[in-house]
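Working notes, structure below.
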2 protein chains.
Amino acid sequence: MGKISPFAPKHLPHLPPIEGVRMATAAAGIRYPGRVDLLFALFDPGTSVAGALTTSKTASAPVDWCRERLAHGMARALVVNSGNANAFTGRRGREAVKLTAEAAAAAANCLEADVYVASTGVIGEPLDASKIAAKLGDLADQAKPDAYEAAARAIMTTDTFPKLATRKAEIDGVEVTINGIAKGAGMIAPDMATMLAFLFTDAAIEPGALRDCLHPALDESFNAITIDGDTSTSDTLLVFATGRAIARGAPHIAYGEDPRLAAFRIAVAQVMHDLALQVVKDGEGLTKFVTVRVTGAESKEAARTIAKSIANSPLVKTAIAGEDPNWGRIVAAVGKAGERAERDLLAIRLGEILVAKDGEVAPGYSEAQGAAYMKGSEIAITVDVGVGSGAATVWTCDLTKEYIAINADYRS
Amino acid sequence: MGKISPFAPKHLPHLPPIEGVRMATAAAGIRYPGRVDLLFALFDPGTSVAGALTTSKTASAPVDWCRERLAHGMARALVVNSGNANAFTGRRGREAVKLTAEAAAAAANCLEADVYVASTGVIGEPLDASKIAAKLGDLADQAKPDAYEAAARAIMTTDTFPKLATRKAEIDGVEVTINGIAKGAGMIAPDMATMLAFLFTDAAIEPGALRDCLHPALDESFNAITIDGDTSTSDTLLVFATGRAIARGAPHIAYGEDPRLAAFRIAVAQVMHDLALQVVKDGEGLTKFVTVRVTGAESKEAARTIAKSIANSPLVKTAIAGEDPNWGRIVAAVGKAGERAERDLLAIRLGEILVAKDGEVAPGYSEAQGAAYMKGSEIAITVDVGVGSGAATVWTCDLTKEYIAINADYRS
């Protein structure tokens, strides 16, 4: 593991207990002996679940399992292991998930169909699920409500800090809590693939309505970050709602359009946004945190495509690493995105500095200004492409020699 | 400029003169004083031209100029400068092209509409075309038929060797020659953006037929290579056919489907393929030359998309740099391509070594085998995705710390 990210938080947030959620962690010896690599979370009966899973066509066995279970929408247990992604493991991979779910169902005294499974780590190596199964009974006994930091640490792979976030929101005047944990973004962490994020709340929301809260927030969180453009076989986001706030007078929400969800939706979006930015801030080898904002595009989707083209350009990312205000590379990245852009109206800002406008370098812009700005640790690139009103923001980091060192030398 | 590519040819090929083509080069002081940075090529009356230009939405002024002229299809002169791409230069950029074309037309005694212009170098800085215009008269006087190596050198930017290729072909029993020169691929060379390639032949082929020879060959040459996935504002490929072979009995070809073009088509494709691979072999900081072959895809296009996803994956490219047979990253790159792939039928080979089949690591494969293979300087990755009969090959190179060094430190 490399040195800790310069953007690691000084203090970890404390996540309060959520009624109906208990957790425990263990060292199951999945890849490294003695490393805590297993999380078991148990949920009270009546817990609903919604989620978003990788779009990869070579999705892992646990992702396939979760996709089938999500249609059903109820959950009693979550098993997460690090060290092995159980991806590209064929029939044996499916058997490993099945064995894990059987053991979890026995330990949690629930149906297999109510068990969710996520794995992160090496791709292509068979996962010995008996190591997991052997631990779940004890973990069920030990599970307690205030174990979020331990849980966030158990799912880390090459992450250099645990990722935690929490918010409160009122639903019809009753306060509910939303806790979230996450680990390393997409394929930042190569063999140790995967972005995983889990949210927990005591709100009482049916699966379809929960899904409606989750999906719009993806665009401003996990779908708006990129480290290296690689997509994992295992990306998994799950939200569990125990409904236990009903005992304190919270309503049972059946429909996503229910206006009483307004504050809850925002809080969910904030937790996801917070976690997503923490994931970027732990990007491998990063020295700069970068916000790319595109305005004036034909649509929001077009703006996002252009912003991602900029954020994924190795040339833009290496220029940022080199503190070079190389806006020509930004122009080229806009051009290759394939979306409409009016070259002769294009405007580019670095922070507040107007670098280019009307398809030319801006009058009065000096390279010295740009170079001074690039020395900061947080870089904002804003591009107006001059054709419409679509806008989007994407967050990323720079591409450094350290990234290459980590990824070229990783398994050797 | 870094050290010379380990894949630079030991000996440059000698390109024979082609009747109807004359060239000269000069140091015009466009970016660096004393550096040869200007090529002027003159063609006999009756020369036809076809081409392919960048799909970038922020294409340079010279690209826009060429796109308009190609509809017309006749050429008398080509002006190429390095040091400044004349891209994102707005109205002044268009004026610079116009001034260049006027001066070239005067020097070549032709119409402005018969002049083609290409520029490569820094993006966003105004190009002082008067420096070019001042040289063209003398260059027209000096132009001679055997200046291909000098021409290939004049268009270099961060290229570490000049790129030259030549082939002969018979059209209806009469031998014709095809010469080609090229420079650095796509955005390998950041500020010094751009892949440029120019082919010259004495065959007598009308513009539409010439275009029909050119375009199918793109898929196996310039459209099948990638260094870092970035697309330049300025990519330009032009083929000039002087028709002077008619004096030796060659036919005048009007239609692309003419069967007498069979050997010529192949020779054009070979010159383009040869040049394109030279471009990859001069990728910035490369230590490995990589061939990615995808078979069993739904279509040729799907195969190409998957191959590019593998070839552009920073994680695959850094693994190759680290000599790590990390096939899990290949699986992930297949998955993120978004094309149909049958995970449980996927097969991966490194060279001749079967690494994975039927969605699992292959029986008998050992990491030691893979690691030994990865020590070679030419790496072949073959992936069968198990859904159809579409196949495609893409060529690329590894991603090294040297690439980051070149691109992060370039302008500082």
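The values are calculated or read from the model by the stated rules, or taken from the named source; none is laboratory data. Please read all numbers here as calculations on a predicted model, not as lab measurements. All Cβ positions, even for glycine, are placed from backbone atoms using ideal geometry, and neighbour counts span all protein chains on display.
Whether any residue in the range B:98-115 is touching a residue at least 12 places away in the same chain (Cβ under 8 Å), touching an Asp or Glu at 6+ places or on another chain (Cβ under 9 Å), under 23 Å from residue B:73 (Cα atoms) and in a loop (DSSP other than H, G, I, E, B) is what I want to check. No - not one qualifying residue is present in the range B:98-115. Can you tell me how many residues within the range A:285-323 are part of a loop (DSSP other than H, G, I, E, B), surrounded by fewer than 24 Cβ atoms within 10 Å (Cβ to Cβ) and touching a residue at least 24 places away in the same chain (Cβ under 8 Å)? The qualifying residues number 6. Among the residues of the range B:334-354, those that are in contact with a strand residue (DSSP E or B) (Cβ under 7 Å, 6 or more places away or on another chain), within 20 Å of residue A:61 (Cβ to Cβ) and either more than 9 Å from chain A (Cβ to nearest Cβ) or part of a loop (DSSP other than H, G, I, E, B) (or both) comprise B:346, B:347, B:348. Scanning the range A:322-333 for residues that are under 24 Å from residue B:309 (Cβ atoms) and facing another protein chain (nearest Cβ under 9 Å) yields a total of 3. Restricting the range B:109-168 to residues that are of a type in the set (Val, Ile, Thr) and either buried (at least 22 other Cβ atoms within 10 Å of the Cβ) or over 22 Å from the mean Cα position of the chain (by Cα) (or both), which is nearest to residue B:29 (Cα to Cα)? Among them, the one singled out is B:132. Take the residues of the range A:47-67 that are among the polar types (S, T, N, Q) and more than 9 Å from every other protein chain (Cβ to nearest Cβ): which is nearest to residue A:92 (Cα to Cα)? Residue satisfying both the conditions and the ranking: A:60.
When the range B:28-61 is filtered for residues that are touching a Ser or Thr at 6+ places or on another chain (Cβ under 6 Å), among the charged types (D, E, K, R) and buried (at least 20 other Cβ atoms within 10 Å of the Cβ), only B:37 remains. Taken together, the criteria place residue B:319 among residues that are of a type in the set (Gly, Ala, Ser) and farther than 20 Å from residue B:305 by Cα. Among the numbered conditions (1) more than 21 Å from residue A:166 (Cα to Cα); (2) crowded, with 24+ Cβ neighbours inside 10 Å, the only one that residue A:256 does not meet is (2). Would you say residue B:25 is of a type in the set (S, T, N, Q), at pLDDT below 95 and either more than 30 Å from residue A:341 (Cα to Cα) or surrounded by fewer than 14 Cβ atoms within 10 Å (Cβ to Cβ) (or both)? Taking the combined requirement at face value, the residue does not satisfy it.
Summed over the range A:68-89, residues that are in a loop (DSSP other than H, G, I, E, B) and more than 10 Å from chain B (Cβ to nearest Cβ) total 6. When the range A:148-188 is filtered for residues that are among the polar types (S, T, N, Q) and farther than 18 Å from residue A:120 by Cα, the ones remaining, listed by number, are A:166, A:177, A:179. In the range A:351-379, the residues that are over 26 Å from residue A:7 (Cα atoms) reach residues that are of a type in the set (Ser, Thr, Tyr) with C-beta atoms within less than 6 angstrom, at least six apart or across chains, in these pairs: A:355/A:365. Of all residues in the range B:116-146, how many are without any contact (Cβ under 8 Å) to a residue 60 or more places away in the chain, in a helix (DSSP H, G or I) and of a type in the set (A, V, I, L, M, F, W, C)? Qualifying residue count, the range B:116-146: 2.
Residue under question is residue B:64, and the condition is that it be touching a His at 6+ places or on another chain (Cβ under 9 Å) and either buried (at least 24 other Cβ atoms within 10 Å of the Cβ) or of a type in the set (Asp, Glu) (or both); does it hold? Answer is no for this residue.
When the residues of the range B:355-373 are filtered to those that are more than 16 Å from residue B:296 (Cα to Cα) and within 11 Å of chain A (Cβ to nearest Cβ), the one that is surrounded by the most Cβ atoms within 10 Å (Cβ to Cβ) is B:355. Is it fair to say residue B:321 is closer than 21 Å to residue B:288 by Cα and in the same structural domain as residue B:380 (by TED's automatic domain parsing)? It is true that residue B:321 is closer than 21 Å to residue B:288 by Cα and in the same structural domain as residue B:380 (by TED's automatic domain parsing).
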